[in-house]
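Heads up: the structure comes next, in structure tokens.
Just so it is clear, none of the values below were taken in a lab; they were calculated from the coordinates. What you see is a predicted model, and the numbers here were worked out from it, not measured in a lab. Neighbour counts are summed over all protein chains in view; Cβ atoms, including those assigned to glycine, are modelled from backbone coordinates with ideal geometry.
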Ligand code: F6R
């Protein structure tokens, strides 16, 4: 996790760095710092425990001049959040300073070796070892900074994206990456360069971006070209990509929090996600004659790779957190429409489980950030075992997008709130399209059902809009739960993963313990938890075995659980059974998650706000989990 930013060029670095840190604060926010080489060639390093705004306060009245600088916002791994553990870390001589995102796994061994050579450490971090090691290599080999960095990285085990500057050579900035993301923006005529953990801090200055690959070192010289090499000093080609980020997506657009904005973004971004992928066919491909319009899915990755996909005797979905919940829905969609056995694995378990993966297996990796370390490692393992890997990713150009064999972007725009909302519905939408497209090629989808699902999918954004109109009602209702300390979320079939997702949303932003459960499993143990003080969110909407769900509901009512039911419009049966309910529009059972998750997102949001918590930056969390 952690976010890093760097700048070298002709303008003042400080405002670029601070703005960049604000954009990256979703990656970590327990402390922040920056280092600037001033107009008078001094190296000024400022740090603060807390948020980027605390760093801004700490720099008031200080020398913040200079057009070369690096900065960092931290999510602590080694060493508690504190000023001394905040980055940038400085070498013994005070000349070299470095920011780092990742983990140096062999830092303890390296630290002992360096201590023996007289290096003294101030912090408890793994990162400080790296800056001292670079200085040691520079002295030992009488080399420049880039070579010292390169040599040091040969000795390091772990993950890193680093930016390093040397006061003795203020025309140069050196960066490197392995398993943690790093983007380099190239300004007009190579007069300035921007470095960051993702494109968001760079986007307003340039859309010309180079994503460093693993084991690459970049040397950026003021006014000169960008030089990329591997760890052996061999030149590598820097592939410049045009990356356009919608800047309006990077602010709150009048909403009090990113999370609420992103919940409300869903109708529009799902339209974007489907745009060009569901088409109206009016001509028969065989006769060329016009006929009754029919809908069709166009997913170029499925079309181009249908041979590999159709060969699959099994599909394994790997992902984490909310993306894993989307994967559970994907499994049901793929098994239903494609008749291919599908498993869903936590990427963190899969990578170390010695999984049986065969050549004809297809692995689908789902990730919003495209940088989750466990998912990346699972992809690597699957590829080594010969599987074909398909990515479903939001962040364009991210590591997962680049490391999969093919894939589909969900195109829901940057998600900044730490709690994932629009990415979940985007992932479920793409999984639906994927299953329909593959099922069509495989001949396992019923034509009528294909048409019905596609038609209903195009109605989903409007239906979500209908649910969003109930925001005030949900806010009012949430007051009842402000002081609750436990919650149960129950659902069956397509709504079971939604129950898990609802519980996760509540846990992560309101710190209330919550569990999602398949409703019918209750009677095998958890029903013992039910009493009048236990809030139970019950998803009764749109189930193919509706009466079975109603029986499970009855079981909770009989034990006096405090029920909040999510029901579909016109469900008078449940209305007569429970006092508290939220009505959502009717839809097909397989699309229910796209609708039923919305009230749960709003509920957790309002409960957290009512508890006075920082919804966008909940404690202990970070948006992009780039450490394992
Ligand atoms: C929950 C949440 C996390 C992520 C998980 C995977 O709201 O955001 O559980 O879903 O860390 O992240 P990605 O999808 O970026 O791989």
key: Cα long-axis angle, helix 592-610 against the chain (0 to 90 degrees, to the nearest 10)   = 60 degrees
Extension gain, residue 298 back to residue 246 (0.36 nm per residue minus Cα-Cα distance, nm) = 16.3 nm
request  = Starting from the Cα gyration tensor of segment 259-462, take the square roots of the eigenvalues, sort them a ≥ b ≥ c, and report rounded, prolate or oblate (rounded when a/c is under 1.5, otherwise prolate if a/b is larger than b/c, else oblate).
outcome  = oblate
task = Report, in deg cm²/dmol and to the nearest 500, the calculated mean residue ellipticity at 222 nm for the chain, where each DSSP H run with n ≥ 4 adds -39500 (n - 2.57) and the sum is divided by the residue count.
result = -11000 deg cm²/dmol
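Rounded to the nearest 0.05, what FRET efficiency do residue 42 and residue 112 give with R0 = 22 Å and r taken as the Cβ-Cβ distance? Could you check?
Once rounded, the FRET efficiency stands at 0.10.
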ask   = When you count, for each residue, the other Cβ atoms within 10 Å and take the mean per peptide, how do 413-421, 579-587 rank with the highest first?
value = 413-421, 579-587
remark   = Fewest to most Cβ atoms within 10 Å: 616, 251 sort as 251, 616
message = Checking a compactness column here: for segment 407-464, what do you get for Rg(Cα) / (2.2 N^0.38 Å), N being the number of residues?
response = 1.30
note = Rounded to one decimal in nm, the spacing of the 7 Å Cα→Cβ label points at residue 359 and residue 472 is 6.4 nm
key: Relative contact order (percent, whole number), the chain, Cα cutoff 8 Å, 6+ residue spacing   = 11 percent
ask   = Once the piece of chain linking residue 280 and residue 459 is laid out straight, how much longer is it, given 0.36 nm per residue of separation minus the C-alpha distance between them?
value = 63.0 nm
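Starting with the highest mean, order 462-468, 361-367, 7-13 by the number of other Cβ atoms within 10 Å, averaged over the residues of each peptide. Don't jump to the answer; show the numbers that get you there.
Values: 462-468: 17.9, 361-367: 28.1, 7-13: 21.0.
Top to bottom by mean Cβ count within 10 Å: 361-367, 7-13, 462-468.
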In nm, spacing of pseudo-spin labels at residue 168 and residue 226 (7 Å Cα→C-beta vector) = 2.8 nm
message = For segment 127-170 and segment 188-239, what is the centre-to-centre distance using only Cα atoms, to the nearest Å?
response = 18 Å
key: Shape call, segment 3-245: gyration tensor on alpha carbons, a/c limit 1.5   = rounded
message = If you fit an axis through the alpha-carbon atoms of helix 373-384 and take the longest principal axis of the Cα set of the chain, what angle between them do you get, 0 to 90°, nearest 10?
response = 80 degrees
ask   = On a 0 to 90 degree scale, rounded to 10, what angle separates helix 321-338 from the longest Cα axis of the chain?
value = 50 degrees
Alpha-carbon centroids, segment 522-597 and segment 391-413: separation in whole Å = 35 Å
query = How far, in nm, would the chain grow between residue 139 and residue 446 when pulled straight, counting 0.36 nm per residue and subtracting the alpha carbon separation?
reply = 103.5 nm
key: Expected-Rg normalisation [2.2 N^0.38 Å, Cα atoms] applied to the chain   = 1.02
Paramagnetic reach from residue 580 in segment 464-486 [backbone N under 15 Å; point 7 Å along Cα→Cβ] = 473-486
request  = Normalising by the residue count of segment 470-610, find the relative contact order in percent from Cα pairs under 8 Å and 6+ residues apart.
outcome  = 31 percent
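Can you tell me the order of 23-34, 175-186 when each peptide is scored by its average per-residue count of other Cβ atoms within 10 angstrom, highest first?
23-34, 175-186
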